[in-house]
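One structure is given here, and the rest of the page talks about it.
The values are calculated or read from the model by the stated rules, or taken from the named source; none is laboratory data. Remember, it's a predicted structure, so these values are computed and weren't measured experimentally. Positions of Cβ are backbone-derived with ideal geometry, glycine not excepted, and every protein chain shown enters the neighbour counts.
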Amino acid sequence: MRIAMIGTGYVGLVSGACFSDFGHEVVCVDKDQGKIDALHRGVMPIFEPGLDALVASNVKAGRLSFTSSLAEGVKGADAVFIAVGTPSRRGDGHADLSYVHAAAEEVARELDKDAVLVTKSTVPVGTGDEVERIVRDAAPDRRITVASNPEFLREGAAIGDFKHPDRVVCGVEDDHAREVLAAIYRPLSLNQSSPVLFTRRRTAELIKYAANAFLATKITFINEIADLCEATGADVQEVSRGIGLDNRIGRKFLHAGPGYGGSCFPKDTLALLQTAEQFDTPLRIVQAVVQVNDHRKRAMGRKVAKAMGDARGKTVAVLGLTFKPNTDDMRDAPSIAIIQHLQDCGASIRACDPEGVEQARKMLTNVDYMDDPYAAAEGADAVVIVTEWDAYRALDLRRIAKATANPLLVDLRNVYSHGDAKAAGLDYIAIGKGEAVA
Ligand code: NAD
């Protein structure tokens, strides 16, 4: 199969590299010339474990190439995937579909043969119908069938997720699209644990939003239970285990923390609410999830400030900035709201992150970036773990205690225990650990 991937970001680059690794011939297209130049030099535009090696081996094998020319990229393609961004539209939270629409129109104009146009970007239900209208208007004489193939990969584990997904969802309206997508994903059907689920297009589009809203709900649920644990003297980690061992509930996404962030959950929950409003079908649970999560990020800033008594004139060392480990993605990261709140309270911020500093510089002002956690802790009045990178999971807590001006560790990811911290001479505040168990 010859595949063109329009948009070479987290999803487009990983999907393109994995498709080529399956044996397909893939051209990744991006209008950002800098990204394409970097890829030609073998430099990855994002941090994703294992991606550089995967890209290098497939480029070497002649199955994967990069271009900024969409016309060149789609030449001879059997399938064209759109993997451009669908950010929140400023003001109303609706998914901004302008990049998807523009890409669809350009693809239709440039295709030199009939092809299947597949939307991989996360798009509201009904977008496929609109894309179909756009391509029909742009290329009335060409047979371009439109399909939906939402992506479920997680940043930080993207290659594993793409190659061994829990499922692949393909939304199709005709047999040709079904056959092409079945052929593209055939390497996965050898793997019995990765079913390829075919649905109608609108259903596939909605599956993606329903999945993200459900996961966001699970996280938000356990975060509220964590607050109740703090108030009642219970331990949220034990509650999570106690409920998660029930197969009907499942253990994943039950880690209490500073609230969900990232490039998907915040914007996708907002977009789903817009769809619900548009179709006059309120989703009250998702509404509550969005509100509770927004509140939580600010509440975490207040939690740190309260632990210090008065944050004015104090220095806070923040360990971890990205919305989760193993990515450099800072989009909607809880660290942003936490740091901004502490700055509003008059605190100075020192921060470190193994991969996120370059992105963080674009989003935060007046932060001193340090190379490692010990340098960040030097003279600090509080050390706060915001993202649970491996590099922060086995800190020498005695060294941290010694470096600080005031030995206070606020652990928003429950990496350590009260006993570990106390033995190192640190005051310790975690998430969802009531007084009785602290
Ligand atoms: P991204 O911002 O990292 O990448 C999008 C890329 O598309 C950019 O490099 C941009 O330059 C390029 N682009 C935009 N318009 C273009 C055009 N007309 N021609 C060529 N290139 C163009 O975005 P992302 O994080 O990869 O997300 C893409 C989509 O996938 C979104 O809808 C997102 O919701 C969805 N998604 C993301 C993830 C994730 O973990 N990031 C997971 C699942 C689904």
Checking Gly320, Gly301 in turn, the sole residue that is at pLDDT 95 or above and at positive phi turns out to be Gly320
Residue count, the stretch 2-16, condition more than 6 Å from the ligand (Cβ to nearest atom) and either aromatic (Phe, Trp, Tyr) or under 14 Å from the mean Cα position of the chain (by Cα) (or both), comes to 1
When (1) away from the ligand (no atom under 13 Å from the Cβ); (2) among the aliphatic types (A, V, I, L, M); (3) in contact with a strand residue (DSSP E or B) (Cβ under 8 Å, 6 or more places away or on another chain) are applied to Val74, the one that fails is (1)
Of the listed residues (Arg312, Arg361, Arg298, Arg302), the one being assigned to a loop (DSSP other than H, G, I, E, B) and of a type in the set (D, E, K, R) is Arg312
Review point. Would you say Gly85 is in contact (Cβ under 8 Å) with a residue 24 or more places away in the chain, within 9 Å of the ligand (Cβ to nearest atom) and under 23 Å from the mean Cα position of the chain (by Cα)?
Key: yes
Report whether or not Ala147 is closer than 22 Å to Tyr99 by Cα, in contact (Cβ under 8 Å) with a residue 12 or more places away in the chain and assigned by TED's automatic domain parsing to the domain that holds Gly16.
yes
In the stretch 404-428, anything buried (at least 21 other Cβ atoms within 10 Å of the Cβ) and closer than 16 Å to Glu230 by Cα is listed as Val410, Asp411, Leu412, Arg413, Tyr428
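This table checks each residue for (1) closer than 16 Å to Val80 by Cα; (2) within 16 Å of the ligand (Cβ to nearest atom); (3) among the acidic types (Asp, Glu); (4) at pLDDT 95 or above.
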{"position": "Ser189", "(1), (2), (3), (4)": "no, no, no, no"}
{"position": "Arg200", "(1), (2), (3), (4)": "no, no, no, yes"}
{"position": "Lys208", "(1), (2), (3), (4)": "no, yes, no, yes"}
{"position": "Phe214", "(1), (2), (3), (4)": "no, yes, no, yes"}
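Residue-wise test of (1) closer than 15 Å to Pro124 by Cβ; (2) of a type in the set (Ser, Thr, Tyr); (3) not assigned by TED's automatic domain parsing to the domain that holds Phe19.
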position	(1), (2), (3)
Val180	no, no, no
Ile184	no, no, no
Pro195	no, no, no
Ala204	yes, no, yes
Lys208	yes, no, yes
Phe214	no, no, yes
Thr217	no, yes, yes
Might you check whether a residue that is in contact with a Gly (Cβ under 6 Å, 6 or more places away or on another chain) and either of a type in the set (A, V, I, L, M) or surrounded by 22 or more Cβ atoms within 10 Å (Cβ to Cβ) (or both) occurs anywhere in the stretch 156-163?
-> yes
If you go through Asp371, Asp280, the only one that is free of Cβ contacts under 8 Å to residues at least 24 places away in the same chain, among the charged types (D, E, K, R) and touching a Cys at 6+ places or on another chain (Cβ under 7 Å) is Asp371
